[in-house]
Amino acid sequence: METITGVIERITFQNEETGYTVAKVAPDEDFPDAQARDGTIAVVGIMPQIGLGENVEFTGSWYKDPRYGLQFRAEIALPIPPTSIPGIIAYLSNGTIKGIGPRTAERIVAHFGENTLTILDEDPQRIRDVPGLKLKLIENIIENWSESTLERSMLVWLAGKGVSTKMAKRIFKEYGGETRQIVVNNPYQLYKDVEGIGFVRADAIARGFEIGVEDPRRLLAGLYFTLEQLAMEGHTYATRQFLLDKAVGILKFDHVLQLEIVLDQELRRVALGSGYEGLIVESFDQGDDLPPIEHVYLPQYHKAETRAAEYLKRMVSFPSVLAKTWKKVDWEAYLKRLAEKNNVALTEQQQSAVRAALTTKVSILTGGPGTGKTTTLQMVINALIAEKRSFKLASPTGRAAKRLSEATGQPASTIHRMLGYVQGEGATHDEDNPLNADMIIIDETSMLDLQLFSQLVRAIRPDSHLLLVGDVDQLPSVGAGNVLRDIIDSEIAYVTRLKTIFRQSEDSLIIVNAHRVNQGEMPLLDNRSTDFFFFGEEDPQAAAELVVDIVNSRLPRKFGVHPVDDVQVIAPMYRTPIGVDALNTALQQALNGSDSVMSR
């Protein structure tokens with residue numbers, strides 16, 4: 001790393017969002033190989049609010065750009081307050097304070113001389129002494145100079161700690177004048193408060209303050225980070241011992257006892273009930289003289305789980321808005337007419353599911369592929385339409401919502417859109433502004449994570465019905481939680497499990513094999529069907545070549561499919577010869593080459 005100083009002569013490019021800047025600098029020493037005809041050098045990098053005429057200290061290294069030649073790439077840029085009269089004038093007129101141009105700057109410097117910046121920093125009210133300044137400009141300078149100077153000094157200070165301009169601005173926006181005090185006191189507070197600063201970045205900043213690996217502030221932040229990592233894997237909590245064991249590996253810190261002390265201190269702070277929001281523990285009795293098992297939650301997941309349970313219980317206990325509609329119905333006759341009118345035949349399970357949705361506050365319709373979930377759902381919708389009852393259809397993703405709309409012929413949206421969710425502001429609909437519908441129907445519920453479900457039930461009227469549709473045997477949501485299975489296990493909802501595979505589905509070995517796997521049976525691998533084929537190959541490279549051949553030759557020749565438009569290849573990992581990266585490269589070469597089906 002090398003340090004150079006110089007004055008900013010021109011700024012040829014600056015990204016206000018990232019702080020990335022390309023500047024022409026008049027260096028204090030000569031660099032013949034890098035200097036242009038006018039004597040300037042090109043300096044590029046993240047620079048905190050530099051302006052024309054400023055004297056800046058750059059720390060970085062030289063780099064020869066193929067197009068622009070030798071440049072200095074600055075990792076740190078620290079403005080040095082100018083001391084010369086021309087430098088002060090240039091500094092004042094660089095746009096830091098709106099309204100101060102070169103002439104006004106000259107007038108101010110003519111009055112205060114070389115002490116101009118010191119006077120403005122210590123007593124900006126003295127700007128009133130400068131003759132010829134308009135009152136509005138005087139008030140603007142007084143109001144903004146101190147704040148601008150403070151922000152600037154904080155950005156410079158943070159830059160010296162290795163913080164980028166973009167992050168530094170976020171930190172100052174969060175803490176303002178308390179930035180230095182908070183960051184020095186606990187750099188890990190950044191991880192908790194400032195969006196975009198994770199544990200790893202906060203840990204790097206903390207090293208600049210010589211905070212050791214065993215510091216309690218680091219250990220507590222590490223426990224939070226461990227729970228966040230587990231949440232990314234789908235877990236809403238961790239047992240106490242599992243959390244400690246996992247944190248030891250993440251923090252690379254072997255003293256579990258110190259971690260336990262930090263965890264207990266955090267839990268006690270929360271238990272005092274002083275409004276402090278921290279980690280929460282739930283204890284469960286195991287009986288038989290065994291110690292209770294403790295579940296440790298991040299506060300947001302504990303809140304979501306508790307709130308979801310409370311709103312579900314409230315919904316179940318509240319009288320139904322649909323109760324009068326089907327109060328005196330002969331269900332056998334009603335369901336028979338409904339099926340005949342829609343030209344379908346409903347199994348007893350499907351009839352039970354339709355009745356449950358219309359008479360039970362919370363119901364679940366689940367089953368594997370080909371078991372008639374969509375047909376059953378359609379009958380529920382048709383019954384609601386016939387009786388002029390309102391409903392809303394939604395799914396966790398846009399693609400699922402589109403499929404739901406196409407399957408039912410009714411408008412469907414994502415759950416976020418239905419709730420009127422606005423990024424950074426939250427949902428429009430909640431308990432004070434609930435969704436106006438007699439029934440809320442959610443499809444593909446296996447993809448629903450805990451926090452989204454908590455927002456959903458919060459926005460449903462207590463007298464409305466909730467129907468959740470999905471395959472409980474599918475993988476749970478990417479987000480934390482296993483909502484569909486947990487609601488089934490709670491026994492709060494009426495659950496219908498469809499098991500009958502209909503004839504048109506029995507012809508599909510994909511569906512048959514899906515059910516066989518769910519039932520613990522081996523799938524059929526005889527390759528006699530029209531939609532399921534198994535090719536065994538133990539050598540990874542040979543398997544990759546086989547995949548390419550199947551996509552590029554076998555499928556197009558046997559079924560007439562287009563290898564790009566109609567075929568999707570899924571791999572369980574990114575690396576290895578049969579992983580996503582290698583397969584993408586091999587498929588691109590095959591499909592774009594002269595011997596591919598696409599080129600014929």
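The values are calculated or read from the model by the stated rules, or taken from the named source; none is laboratory data. A quick note: this is a predicted structure, and the numbers were derived from the prediction, not measured. Glycine gets a Cβ as well: all are built from the backbone with ideal geometry, and neighbour counts include every protein chain shown. Calculation scope for accessible area: heavy atoms of the full protein, side chains included, ligands and nucleic acids excluded. Shrake-Rupley method; radii C 1.70, N 1.55, O 1.52, S 1.80 Å.
Data for the structure
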{"item": "Residue check for Ile89: open to solvent by 10 Å² or more (accessible area, probe 1.4 Å), free of Cβ contacts under 8 Å to residues at least 60 places away in the same chain, in contact with a helix residue (DSSP H, G or I) (Cβ under 6 Å, 6 or more places away or on another chain) and not hydroxyl-bearing (Ser, Thr, Tyr)", "result": "yes"}
{"item": "Number of the condition not met by Leu78 [criteria: (1) without any contact (Cβ under 8 Å) to a residue 40 or more places away in the chain; (2) surrounded by 13 or more Cβ atoms within 10 Å (Cβ to Cβ); (3) within 27 Å of Leu158 (Cβ to Cβ)]", "result": "(1)"}
{"item": "Hits in segment 285-308 (condition: under 29 Å from Ile460 (Cβ atoms), open to solvent by 50 Å² or more (accessible area, probe 1.4 Å) and not charged (D, E, K, R))", "result": "Gln300, Thr306"}
{"item": "Considering residues of segment 174-226 that are more than 26 Å from Asp264 (Cβ to Cβ) and of a type in the set (Val, Ile, Thr) only, the residue surrounded by the fewest Cβ atoms within 10 Å (Cβ to Cβ)", "result": "Val184"}
{"item": "Filter result for Glu277 (touching a Pro at 6+ places or on another chain (Cβ under 8 Å), under 23 Å from Asp449 (Cβ atoms), open to solvent by 70 Å² or more (accessible area, probe 1.4 Å) and not polar (S, T, N, Q))", "result": "yes"}
{"item": "Flag if Glu282 is surrounded by fewer than 20 Cβ atoms within 10 Å (Cβ to Cβ) and either of a type outside the set (S, T, N, Q) or in contact (Cβ under 8 Å) with a residue 24 or more places away in the chain (or both)", "result": "yes"}
{"item": "Residue among Ile492, Ile488, Ile510 that alone is of a type in the set (A, V, I, L, M, F, W, C), open to solvent by 40 Å² or more (accessible area, probe 1.4 Å), in contact (Cβ under 8 Å) with a residue 60 or more places away in the chain and not in a loop (DSSP other than H, G, I, E, B)", "result": "Ile510"}
{"item": "Only listed residue being part of a helix (DSSP H, G or I), out of contact with any helix residue (DSSP H, G or I) (no Cβ under 9 Å at 6 or more places or on another chain) and touching a residue at least 24 places away in the same chain (Cβ under 8 Å), chosen from Lys192, Lys166", "result": "Lys166"}
{"item": "Breaking point among (1) over 20 Å from Ala26 (Cβ atoms); (2) open to solvent by 40 Å² or more (accessible area, probe 1.4 Å); (3) β-branched (Val, Ile, Thr); (4) touching a residue at least 24 places away in the same chain (Cβ under 8 Å), for Ile100", "result": "(2)"}
{"item": "Looking only at segment 309-352, and only at residues there that are farther than 30 Å from Ala231 by Cβ and of a type in the set (Gly, Ala, Ser), the one that is least open to solvent (accessible area, probe 1.4 Å)", "result": "Ala339"}
{"item": "Inter-residue pairs, beta-carbon under 9 Å, first of a type in the set (S, T, N, Q) and in segment 20-48, second open to solvent by less than 20 Å² (accessible area, probe 1.4 Å) and assigned to a loop (DSSP other than H, G, I, E, B), 6+ apart", "result": "Thr21/Met47; Thr21/Ile50"}
{"item": "Odd one out for Ile171 among (1) modelled with pLDDT of 85 or more; (2) over 22 Å from Asp193 (Cβ atoms)", "result": "(2)"}
